[in-house]
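The values are calculated or read from the model by the stated rules, or taken from the named source; none is laboratory data. Computed from a prediction, not measured in an experiment: that's the story for all the values here. A quick note on method: Cβ atoms are made from the backbone with ideal geometry, for glycine too, and the neighbour counts reach across all protein chains shown.
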Amino acid sequence: MGLRALACLVALMITLLTPLATSAAPGTPGRAQRVYLALGDSLAFGIGASTPQRGYVGLLASFFQMPSHGNVDTMLNLSVPGETADSFITGGQLAQAVAAINNSGSNTRVLTLDIGGNDLLPLPQTEPCKSDPDGTACAAVVAAALARVAADYPVILGQLQQALARDPGRTRVLVMTYYNPFSGTGSPFEQPTTRALLGSDGVVDCAADAGDPARVGLNDIIVCNTRASRAKVVDVYPAFVGRGLQLTHIGAADIHPNDAGYQVIASVFEAVFPPQ
């Protein structure tokens, strides 16, 4: 069994359908399950946390139980470690998400999404970026990867919003940006990663980016498409600035957050969550 297939199996067996403490019995007459639907990659899966409950999805599950924060009673985590924006569409996660939303026995109250980071993640380990992260050849590879993400994001958000439009009640959709795990480390990948995430101008600016592709980073793509879909942006990037060693496992060559990092991510979600 391949690594991706194994990850999918683990995700489905362990986190596919997790009743929360106040869960109503499945199939209770006249009452649909109130669902928190988590989508994304290894961050949504909780890789790097000491336990899955200390990943940001696990932390948010308790937050979304509160009556003013969604009043959910079931968490459905479909995230897949290693997922890219393209594999999110072609590998089945998007179809599973739409099917879950369309389930007549459930009401999706909250949906969180992080996707796109794995489209850039392999680049520092491969040529031409491995030996020359500041070079023009690396910049061209990054630009090509970002172009693919930019094509995929409207498809992902569009299909999710179409499904949610048929779901009863209001669904809060929150889409996360990415942090720079090298921030504050002095690594030769620190500045190239900042450019990959924020573009050459170092900020997210949807109006300005439209006329200059070099100014478009991954977080620009995420933010601008999220705003266009009327979902809520959860910008975790600023919270990690200068704190890569403190909030991630980058000191051990692992970009994933540690428990403190996941707590920071969850706190940013909570801070921007629209009250009921």
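Residues that are under 15 Å from the mean Cα position of the chain (by Cα), closer than 23 Å to Ala271 by Cβ and modelled with pLDDT under 95: which strands (runs of 3 or more DSSP E) entirely in segment 32-128 hold 2 or more of them?
The strands (runs of 3 or more DSSP E) meeting that bar number zero.
If a residue must be in contact with a helix residue (DSSP H, G or I) (Cβ under 7 Å, 6 or more places away or on another chain), more than 18 Å from Leu157 (Cα to Cα) and of a type in the set (Val, Ile, Thr), how many such residues does segment 216-241 contain?
2
What tally of residues in segment 251-276 results from selecting those that are in contact with a Ser or Thr (Cβ under 6 Å, 6 or more places away or on another chain), within 15 Å of Gly117 (Cβ to Cβ) and either modelled with pLDDT under 95 or in a helix (DSSP H, G or I) (or both)?
Qualifying residue count for the region: 1.
Quickly run through segment 185-224 and pick out the residues that are at positive phi and either assigned to a helix (DSSP H, G or I) or touching an Asp or Glu at 6+ places or on another chain (Cβ under 8 Å) (or both).
Gly199
Test of understanding: among Arg227, Arg170, which residue is among the charged types (D, E, K, R) and assigned to a helix (DSSP H, G or I)?
The conditions single out Arg227.
Taking the conditions exactly as written (modelled with pLDDT under 95, of a type in the set (Asp, Glu) and either buried (at least 22 other Cβ atoms within 10 Å of the Cβ) or under 29 Å from Leu245 (Cβ atoms) (or both)), does Asp167 satisfy them or not?
no
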